[in-house]
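Have a look at the structure below before the remarks.
The values are calculated or read from the model by the stated rules, or taken from the named source; none is laboratory data. The model shown is predicted, which means the values in this text are computed figures rather than measured ones. Cβ placement follows ideal geometry from the backbone for every residue including glycine, while neighbour counts extend to all protein chains displayed.
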Amino acid sequence: MQNDLDAWFIREILTHEAALMRFLQRHWPQREDHHDLRQELYARIYEAAAKALPTQPKAFLFSSARNLLTDRQRRSKVVSIEPMGDFEPSLVLVDEVSPERWCGGRQTLRRVSDAFNQLPDRCREVVWLRRVEDLSQKDVARRLGISEKTVEKHIAKGMRLLADALFGGEATGPVASNAAEGGAHARHQGD
């Protein structure tokens with residue numbers, strides 16, 4: 001027995017399946033992913049339609065398909081940062097770890113900890129939830145009562161500040177001094 005949503009889905013969405021598959025074939029080179037993409041898209045659309053039926057189903061279908069492909073492309077570019085853990089699981093022989101290397105690792109860990117503690121409070125909280133507790137961007141936003149865009153900004157700012165603290169990201173040398181002089185020159189001209 002079909003309910004109204006199923007009937008709407010068959011009538012308004014499934015009728016465009018051939019066009020959708022051509023769209024996926026044109027825009028996604030990995031042919032083996034096309035059926036999975038279609039199914040994921042159908043699940044997203046069905047779920048969204050359960051909340052509110054779109055006024056233009058065909059346009060909604062293809063804009064959702066573009067968004068799905070964009071999400072997949074973006075995810076494929078993200079490099080996963082996995083914690084290494086102790087030395088034993090990484091198959092490094094304990095005899096190979098020299099006292100200098102051990103001490104250097106401890107110092108690096110201390111520098112990371114100090115740099116992390118220097119982050120602004122909200123930024124540190126977002127980075128911790130996203131990178132350490134491995135919560136999704138949406139879950140972090142919901143937990144902290146902020147938008148996903150704000151979570152993205154805090155992650156970017158936190159990573160930049162950590163990189164600056166750990167790798168000396170402050171610009172130095174002739175390029176930085178020329179830029180500073182140019183900024184001072186521009187301020188004087190504006191006076």
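Matching residues to (1) modelled with pLDDT of 90 or more; (2) closer than 30 Å to LEU135 by Cα:
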{"residue": "GLN25", "(1), (2)": "yes, no"}
{"residue": "ARG31", "(1), (2)": "no, no"}
{"residue": "SER63", "(1), (2)": "yes, yes"}
{"residue": "VAL94", "(1), (2)": "no, no"}
Any residue in region 30-47 that is part of a helix (DSSP H, G or I) sitting within a Cβ distance under 8 Å of a residue that is exposed (fewer than 14 other Cβ atoms within 10 Å of the Cβ) and not β-branched (Val, Ile, Thr)? List the pairs, counting only those 6 or more apart or interchain. ARG31/GLN25; HIS34/GLN25; ARG38/GLU17; TYR46/LEU5
